[in-house]
Amino acid sequence: MKKTFPSTFLLSLGFLFSSCEQPFIESQKSEVSVITRSNPDETCDLFPIQVYAFYPDGECVDHQILESADDSLFFTLPPENYTFYALAGVSADRYTLPNVSTASTFYPLELKDQTTGHAEIGTARADIVVSNGEKGSLELVITRVVAKIDASVFDLPENITNVVMSFNPVETQLLLDGTFDEDPEKKELCFTLTEKNPGEWHTTDSVFVFPSKANITIGILLTEAEGKKRKYSYNASFKIKANYKYEINATYKAGSPDLSGVIKGTDWDGEEEYAFDFGEGESASAGSESSGSESSYVAGGFYNEDCYILHVEEITEGRAILTLLSPSSSSGMYPDNLKENIGKLDAGGFSDWQMFSEEDARMVNQLCNEGLEEMNNLLDSHDVPTFQSSEKYLYEKDGTIKAFALTGTFKSEIAVPSKRYYIRGVKKIIVSIP
């Protein structure tokens, strides 16, 4: 089945067969010719292109590389169904790439040096059937899976020695098949700006960022000469989209930094514009500042106004995992349906919410034992549905859905369809902390 997308490059795979008459041989192999050409409307050049061919069972059968538009490749393949994957703009000197024996569709595309940042990357996939005695062709249409970021911060004080900008949550782990790893611990991208003129800090080169499923938070971390750090953050009203150009301009005003941004499509994929600002006098929805070693994220607080922070775990200096409580709740008599519904939930600026783990359930149980009424009053003050004290809530352990009571000693039971249960989701994200 042929699948096409808005293109950066077209890879044409032609099947070449001998015109000589010969007896039919079931194991006869066919030569597949691979050529590439640029779309006339495109100005970028995403080479080299890594092309992998897979059997239906997921085994990689061959791997070839297109170094330029003038190159051609040849796959010699027996009759079979195949899936071809292409990774464009990915070089072996920048990425750790699999060979035929180690390749899989879920192989992670890892940078050899994490400080270099990602290249301009495109991907493609197509399914083909190679048959004896037939001629055919296949086009792989490569689409960018990154956004292009150019960022600047102006009018900073002279004592600033380092500026780091961050986006959260964004995808950070691309797999060979063009999808993204769902690891919750890899959802933030940070990059350092360079001072080009006094008080002016810019990205030295464009930064390529994977997309986000939810609205992003933009962070700016300033380091002063004395070592003091100040963190400013803005809860943006847009998602990072692949194949878009983003221009982010921030202007620091004494006591009240002002952040503005423009998203441009030009020769990439359409055109959109957004403008936003934040400062010390703004509400929590616009942004916030923290200074020194004090973190702006604490258990019992809120993220994006309506996501209760259930737990904060610092994983490295300047980075922490937040466990967020979904700002909505549902109930019903079929636990499997409730689990499916929570997975489809799109709330609080996030999607793909998960069921409580046993650890999450125990934390909720402890919070409610310490003060269920206070907990509900806090949720209610943020227009977030409260906990139902007389009902049992669901969590999952080792693939089994279980239920627990909000108060009392933590005990669980296997959930059954004949009883009514409540469910809330949790989400783990990584954030920068001063």
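At a glance:
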quantity: Accessible heavy-atom area order of ASP181, ASP62, highest first, probe of 1.4 Å; calculated: ASP181, ASP62
quantity: Region 122-233, dipole about Cα centre (Lys/Arg Cβ +1, Asp/Glu Cβ -1), debye to the nearest 20; calculated: 140 debye
quantity: Mean projection area, nm², convex hull over Cα of region 49-95; calculated: 3.8 nm²
quantity: Cα convex hull of region 333-434 - mean projected area over all directions, nm²; calculated: 7.6 nm²
quantity: Inter-centroid distance (Cα atoms) of region 360-434 relative to region 177-243, Å; calculated: 32 Å
quantity: With all protein chains modelled, accessible area of THR161 [1.4 Å, Å²]; calculated: 80 Å²
quantity: Dimensionless Rg/Rh of region 135-219 - Kirkwood Rh, Rg from C-alpha atoms; calculated: 1.14
quantity: Mean separation of Cα contacts under 8 Å (6+ apart) over length of region 347-416, as relative contact order %; calculated: 30 percent
quantity: Ellipsoid equivalent to region 172-223 - semi-axes via the Cα gyration tensor, in Å; calculated: 28, 13, 9
quantity: Under Karplus coefficients 6.51, -1.76 and 1.60, residue-wise ³J(HN,Hα) of region 151-159 in Hz, glycine/proline x; calculated: 10, 9, 10, 10, 6, 7, x, 5, 7
quantity: Approximate spin-label separation ASP380-THR102, in nm, with each point projected 7 Å along Cα-to-Cβ; calculated: 5.8 nm
quantity: Potential extension, THR223-GLU359 segment - 0.36 nm per residue separation minus Cα distance; calculated: 45.4 nm
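The values are calculated or read from the model by the stated rules, or taken from the named source; none is laboratory data. Fair warning: this is a prediction, and the values are worked out from it, not measured in the lab. As a convention, Cβ positions derive from the backbone with ideal geometry for all residues, glycine included, and neighbour counts pool all protein chains shown. Surface accessibility is based on the protein's heavy atoms, side chains included, excluding ligands, DNA and RNA. Shrake-Rupley method; radii C 1.70, N 1.55, O 1.52, S 1.80 Å.
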